[in-house]
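Worksheet: the structure to be examined is printed underneath.
Here, each number is a calculation from the coordinates, and none is a lab measurement. Every value quoted in this text rests on a predicted model; they were computed, and no experiment measured them. As a convention, Cβ positions derive from the backbone with ideal geometry for all residues, glycine included, and neighbour counts pool all protein chains shown.
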Amino acid sequence: MIKGIVWIVMLFLMQDVLGQTSLDMMVLRNRNGRTVRSFFQGIPIAFGDKAGLMVEGTIHRVMNDSLYIRQYDIRRTATMWGTQVQDTVSTYFLKFHPSEIAWIRKPRRSFELVRNGTIFMVGGTAYGLLHVVNAAYLKEPVLWSTVATAGALAATGFVMNKLRTGRYQIGRKYKLVYIDTRPETGDRTRN
């Protein structure tokens, strides 16, 4: 009976201890104040800082207006059979303030080859090249309207590729906001 009561008390005490994880987060907002993405503990992130360093890793903690990133040093090592295998050499933590982050990489979405214009560039170039090669092989005249259409398709893909950015540029259009959700301080946001 006493063991049962001790187990129940320990269970309730463990619940309070396990519930003390950090709930603070960073929120990426556009100029209208709408949330674009949220970053909290355990989420993968890739960004560039103001010094030009590209950082990619998992968020270890968001605390006191800082972002702690866990990076893995993964290298290829040789095995005794003469092949290579990827292995984690070490892990280390980096600390960043939101003002140090210059841009954040956008996540990849479905149909990315169509969205960024790559399929149009490849398709237009291949179609124009195939038409010229077939005309030479069959000893027929080249239809320059077909080559111009293929070139226009490739040029459209090139323009789509240049207009599409793969990152959220922090500054005028986007801002990174720290949200403190600790119960003793209440909900506060710091820009």
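Summed over qualifying helices (DSSP H, 4 residues or more, each -39500 (n - 2.57)) and divided by its residue number, the chain shows a 222 nm mean residue ellipticity of -10500 deg cm²/dmol. The simple spin-label model puts a point 7 Å past each Cα toward its Cβ; for Leu130 and Phe12 those points are separated by 7.3 nm. Listed by chain and number, the lysines whose alpha-carbon sits under 16 Å from that of Lys162, ignoring those within fewer than 8 places in the same chain, are Lys106.
Can you give the extra length, in nm with one decimal, that the chain gains between Arg37 and Glu56 once fully stretched, where that is 0.36 nm per residue apart less the Cα-Cα distance? Net length gain for the segment: 5.2 nm. A straight chain from Asp73 to Ile2 at 0.36 nm per residue would run longer than the Cα-Cα distance by 20.5 nm.
Simple rule: put +1 on each Lys or Arg Cβ and -1 on each Asp or Glu Cβ in the chain, find the dipole, and look at Asn32, Val133, Thr181; the Cα lying farthest toward the positive end is Asn32. Computed from point charges on the beta carbon alone (+1 for Lys and Arg, -1 for Asp and Glu), the dipole magnitude for the chain about its Cα centre is near 560 Debye. Averaging Cα coordinates gives a centre for segment 138-153 and one for segment 21-53; these two points are 48 Å apart. Maximal additional length on extending the Lys139-Lys106 stretch stands at 7.0 nm, based on 0.36 nm per residue less the C-alpha distance. Using C-alpha pairs below 8 Å separated by at least 6 residues, the relative contact order for the chain is 22 percent. When segment 1-142 is described by a simple charge dipole with +1 on each Lys and Arg Cβ and -1 on each Asp and Glu Cβ, the residue from Leu94, Asn64, Phe12 located farthest towards its positive end is Asn64.
Straight-line cross-link partners of Lys50 among the lysines, defined as a Cα under 17 Å from its Cα and at least 8 positions apart when in the same chain: Lys95, Lys173, Lys175.
Recomputing Cα extents along the principal axes in Å from the coordinates shown identifies the correct label among (1) 97, 57, 39; (2) 46, 37, 31; (3) 76, 37, 29 as (1).
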